[in-house]
1. Filter segment A:111-152 down to residues that are under 22 Å from B:Thr72 (Cβ atoms) and of a type in the set (S, T, N, Q), then give me how many there are.
2. Going residue by residue through segment A:34-43, is there one that turns out to be of a type in the set (Gly, Ala, Ser), more than 23 Å from the chain's Cα centre (by Cα) and open to solvent by 10 Å² or more (accessible area, probe 1.4 Å)?
3. Of everything in segment A:44-54, what is open to solvent by 40 Å² or more (accessible area, probe 1.4 Å) and within 8 Å of chain B (Cβ to nearest Cβ)? Give them in sequence order.
4. Report whether or not A:Ser347 is assigned by TED's automatic domain parsing to the domain that holds A:Leu264 and at pLDDT below 85.
5. Let me confirm something: among B:Val301, B:Val252, which residue is touching a residue at least 24 places away in the same chain (Cβ under 8 Å) and over 29 Å from the mean Cα position of the chain (by Cα)?
6. Could you figure out which of (1) touching a helix residue (DSSP H, G or I) at 6+ places or on another chain (Cβ under 6 Å); (2) over 29 Å from A:Ala87 (Cβ atoms) isn't true of B:Asn21?
7. Among the listed residues B:Lys84, B:Lys63, B:Lys45, identify the single one that is assigned by TED's automatic domain parsing to the domain that holds B:Asp142, charged (D, E, K, R), out of contact with any His (no Cβ under 8 Å at 6 or more places or on another chain) and modelled with pLDDT of 95 or more.
Protein chains: 2
Amino acid sequence: MSKIVMKFGGTSVATTEKIVNVAKRIRNVKDKGHEIVVVVSAMGKTTDELASLANDLSENPTKREMDMLLSTGEQVTMALLAIKLNALGIDSISLTGWQAGLQTDEVHRNARVDNMDASKVLKLLAENKVVIVAGFQGVTSDNEITTLGRGGSDTTAVAIAASIEAEICDIYTDVDGVFTSDPRFVTNARKLEQLEYDEMLELANLGAGVLHPRAVEFAKNYKIPLRVRSSYNDEEGTILKEEVDLENNLVVRGVAFESDIVRLTIEYDIPFNGSLASIFTTLAANHINVDIIVQSIVDGVRPAVSFSIKKESLAEAITVLESNKQVLGFTFADFEVGLAKVSIVGSGMVSNPGVAAQMFDRLRKENIPVKMVSTSEIKVSVVVPQNEMIHAANALHDEFGLALI
Amino acid sequence: MSKIVMKFGGTSVATTEKIVNVAKRIRNVKDKGHEIVVVVSAMGKTTDELASLANDLSENPTKREMDMLLSTGEQVTMALLAIKLNALGIDSISLTGWQAGLQTDEVHRNARVDNMDASKVLKLLAENKVVIVAGFQGVTSDNEITTLGRGGSDTTAVAIAASIEAEICDIYTDVDGVFTSDPRFVTNARKLEQLEYDEMLELANLGAGVLHPRAVEFAKNYKIPLRVRSSYNDEEGTILKEEVDLENNLVVRGVAFESDIVRLTIEYDIPFNGSLASIFTTLAANHINVDIIVQSIVDGVRPAVSFSIKKESLAEAITVLESNKQVLGFTFADFEVGLAKVSIVGSGMVSNPGVAAQMFDRLRKENIPVKMVSTSEIKVSVVVPQNEMIHAANALHDEFGLALI
C-alpha cells in the first residue's frame with residue numbers, strides 16, 4: 001500500500017459533474033489499494049468571483065480578510081468531493097488547511113509553508129479513509145488563516161506529499177503533461193515523459209509553466225516525484241524528478257518563449273564613479289522585475305548597461321529612472337519595444353559546451369537577429385524581434401531534435 | 001463603554017449593497033462609544049445554494065461534510081463586512097466560529113453550544129476593534145467544524161453576549177419587532193415594546209416566531225436582554241427580558257396561530273391493559289411530533305385518546321399506527337383534517353384564572369367550534385376548523401384588547 005497525493009485544479013472541479021468525474025477517478029486509484037490524500041482548489045472561477053465581491057466594497061481590501069474570504073473556495077470543493085465519495089461508498093473526510101496541520105508564516109495572501117504536521121492526515125489514512133485537504137490555505141501559529149498565493153494548491157500537494165512520504169504527487173490539470181514547447185505554436189511539440197526539477201523551474205519561470213515554481217522547488221528540496229497529467233484521460237503525463245533517465249540523449253529538453261519584452265539601455269558619462277547595482281536596487285524597490293542584464297562599453301570608454309523588462313512595466317520604469325536620473329548619475333536612457341525572449345532548457349547543457357554556439361548558428365542561418373543573450377548552466381535565452389519569436393522557437397525546436405520521436 | 005452584540009440575518013446581508021448599509025449602521029453605533037461584536041449569517045440564499053450543490057451529489061450527504069460546506073457561508077459574509085468596515089476607517093477583524101472560541105457538542109448540523117471562550121474576542125475588543133463573528137458555526141473539542149441548526153446565528157449572538165457580559169444583544173431582522181399577532185392577517189396587530197422570554201418561547205413554538213426558541217432559552221438562562229429590531233430603520237424594536245414592565249396591564253400579550261393541523265383519535269376495546277404512553281413512544285421513535293393530547297372515555301367505558309400532529313406527518317403517522325396496531329392494542333383509529341391551532345400567550349394568565357373562560361366564551365359567541373384545548377401557565381391553545389383560524393385570531397386579538405394603543 002503506497003501513499004499517493006492527487007491534486008485537482010479549479011477547472012477539474014468547476015462543476016458538480018466534474019466533481020463526480022474526479023470522485024470516480026479517485027475510486028479507481030483507491031481500488032488499486034493505495035492510500036490517498038486529495039488536494040483540491042476552488043471550483044472554477046470561485047476565487048475570482050469572491051475577489052470581485054471584495055473589490056465592490058473596497059479598493060484595497062484588507063489582506064487578512066481576503067484570506068478569510070478566499071479560503072472558503074477550497075472548503076466548498078473539498079466538502080462536495082467528500083460527499084460524493086461517501087455516496088460512492090468510498091469512506092472519505094475533508095480537512096481545511098488548519099485542520100490538516102499546514103502551518104505557514106504570517107504573510108497574508110502570499111504565505112510560505114513553515115511546517116506540515118501530518119499526524120492527523122496519517123491517522124485518518126490509517127483508518128482507510130480518503131483524506132481530502134483544501135489546497136492554497138494554511139494557518140499561522142497564532143491561528144490566523146493564510147493563503148499561499150499563486151500556485152498555492154500545488155504547493156499544498158507537494159508539502160503534504162513530503163510530510164507523509166508519498167510515493168508520488170500527481171498534479172491533475174487540463175493538459176497532458178509538460179511539452180517540449182507550446183504545441184499551439186510549435187509544430188510537432190511533444191509531451192516529455194520525464195523532466196528534471198531544475199529544468200521545470202527554468203521552463204516555468206520562462207512562461208511555459210504548468211506548475212508553479214514554488215511547488216517545484218518544494219518537490220526538489222524534498223525529492224518528491226511530481227507528475228503532471230490530464231484529469232480528462234488516463235495518459236501517463238510527465239514525471240518530474242531529480243535526474244531523468246536518458247531520453248534519446250537529448251541535450252535540450254524544452255524551448256520556451258515569452259512575448260512583450262522591452263530592452264532598456266542606460267549610458268553613463270565618464271568619469272563614472274557610481275555603481276551599476278544602484279540602478280537595479282532602485283528598480284527593485286519600485287517592484288519592477290528586471291530579467292536579462294548586459295553590461296557593455298560604448299565607444300570603448302563610456303560604461304553602459306542594457307536590461308530587459310516586461311512591456312507592462314515600461315511606463316513605470318521610465319518614470320522611476322527619470323525621477324532618479326540625478327542620483328543614479330546616468331546621462332542617457334533609451335528603450336526598444338517589440339521584442340521577445342526565446343530560451344532552450346536542458347540539464348545536459350552543462351556537459352555540452354557547444355549548445356549555445358549551435359543555437360546562435362541556427363538563428364543566424366534563419367536571419368533572426370539576436371538583441372541580448374543570457375546563459376545559465378541549464379538554459380540559454382536570447383532576445384529577438386517579437387515577429388520572429390515563433391519562427392525562432394520552431395527553428396530551435398527542430399535544431400535540437402525535440403520532435404524526433 | 002458598554003458592550004453590544006449586533007446580529008444580522010441573511011436577508012440583511014444578501015448583497016454587497018446591503019453589507020454597505022450594515023457597515024454604516026455599525027459605524028453609527030461605534031461612534032456612540034460602544035464596544036461591538038457583530039454576528040452575521042450567510043448572504044441571502046447562500047446556504048440553500050450550497051445545500052443544493054450537495055444534493056446534486058448525494059441523496060443523503062454526510063452531515064459532517066455538510067457542516068464543512070455550509071460553514072463557508074458565514075465566513076464569506078464576515079470577511080466582506082470586515083473589508084467594508086476597514087474601508088470606512090473602522091478597525092475591524094473577522095473570526096470564524098472556531099477562532100472565536102465557540103465550542104459545541106459533536107452533533108453535526110444541530111450542535112449545541114457547550115462553551116464560549118471569549119478571551120480572544122475580549123482581547124480584540126480591548127484593542128478597539130469591531131469583532132465580526134461567523135454565526136451558526138462552532139467547533140468540537142476535537143477540532144471538528146459544526147453548525148448549530150435552524151436559528152443558529154441567533155444562538156451564536158446570545159452565547160457571545162453572555163460570555164462578554166454584553167449590555168444588550170440586538171437581533172436585526174426584516175421586521176420591526178415582535179407583534180401581538182401576525183400583521184398580515186390580524187387587523188391592528190401592533191408591535192410590543194417588551195416581552196418576557198417565556199412568552200417569546202411560546203409564541204416562537206407556536207409558529208409566530210422571529211427568534212429561534214433555542215436562542216431565547218439561552219438568553220433566558222443567562223439573563224441577556226435581547227432586542228428584536230429592523231435592519232432597515234431606527235425604530236426601537238421589542239426587548240425580551242425576564243419580567244416586563246407593566247404594559248397597559250395586558251394579561252394576554254400575543255395571539256399566535258398555525259394552520260394544517262390534523263387530529264388523530266385512537267379508541268381501545270375493554271378490557272384495556274396497555275399504556276397510552278406506548279403509542280406516543282412509538283410515534284416519537286418514528287420522528288412524528290405530537291402536539292396537543294386529549295384523553296377521554298367513549299360511551300362511558302372505552303378509553304380513547306386524541307392528539308394533534310402537523311398535516312405533513314399524517315401519512316407516516318397512519319403507516320406507523322397501522323403497522324403497530326397489534327402491539328399497541330387499539331381497535332379504531334380515525335383522523336380529522338382541515339384544522340388549525342390558535343393560541344393566546346401572556347405571563348399574566350397565571351394570576352388571572354378567568355382568561356381561558358373568556359377565550360371560550362368569545363369563540364362561542366363567534367360560532368367557532370373548539371375541537372381540542374391545551375393549557376399551560378402562560379398559554380391557552382384551541383384547535384378550530386382551519387377556515388375559522390383568521391376569524392378566531394382576530395376575535396381573540398380584539399377580546400384581549402391587544403390593539404388598544
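1. Going through segment A:111-152 one residue at a time, the tally reaches 5.
2. First, pick out the residues of segment A:34-43 that are of a type in the set (Gly, Ala, Ser): A:41-42.
If we keep only those that are more than 23 Å from the chain's Cα centre (by Cα) as well, we get none.
So far as segment A:34-43 goes, no, none of its residues is of a type in the set (Gly, Ala, Ser), more than 23 Å from the chain's Cα centre (by Cα) and open to solvent by 10 Å² or more (accessible area, probe 1.4 Å).
3. Residue satisfying the conditions is A:Leu53 alone.
4. Numbers: assigned by TED's automatic domain parsing to the domain that holds A:Leu264: yes; at pLDDT below 85: no.
Taking the combined requirement at face value, the residue does not satisfy it.
5. Working: B:Val252 fails: over 29 Å from the mean Cα position of the chain (by Cα).
From the options B:Val301, B:Val252, the qualifying one is B:Val301.
6. In the conditions (1) touching a helix residue (DSSP H, G or I) at 6+ places or on another chain (Cβ under 6 Å); (2) over 29 Å from A:Ala87 (Cβ atoms), B:Asn21 misses (1) alone.
7. On the way: B:Lys63 fails: out of contact with any His (no Cβ under 8 Å at 6 or more places or on another chain); B:Lys45 fails: modelled with pLDDT of 95 or more.
Answer to the check: B:Lys84.
Yes/no matrix, rows are residues, columns are (1) more than 22 Å from the chain's Cα centre (by Cα); (2) open to solvent by 40 Å² or more (accessible area, probe 1.4 Å):
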| site | (1), (2) |
| --- | --- |
| B:Ala82 | yes, no |
| B:Leu85 | yes, no |
| B:Leu88 | yes, yes |
| B:Ser92 | yes, no |
| B:Leu95 | yes, no |
| B:Leu102 | no, no |
| B:Arg109 | no, yes |
| B:Val113 | no, no |
| B:Met116 | no, no |
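The values are calculated or read from the model by the stated rules, or taken from the named source; none is laboratory data. Quick caveat: nothing in here was measured; it's all calculated off a predicted structure. Positions of Cβ are generated from backbone atoms using ideal geometry, with glycine treated the same way; all protein chains shown enter the neighbour counts. Only protein heavy atoms, including side chains, enter the accessible area calculation; ligands, DNA and RNA are left aside. Shrake-Rupley method; radii C 1.70, N 1.55, O 1.52, S 1.80 Å.
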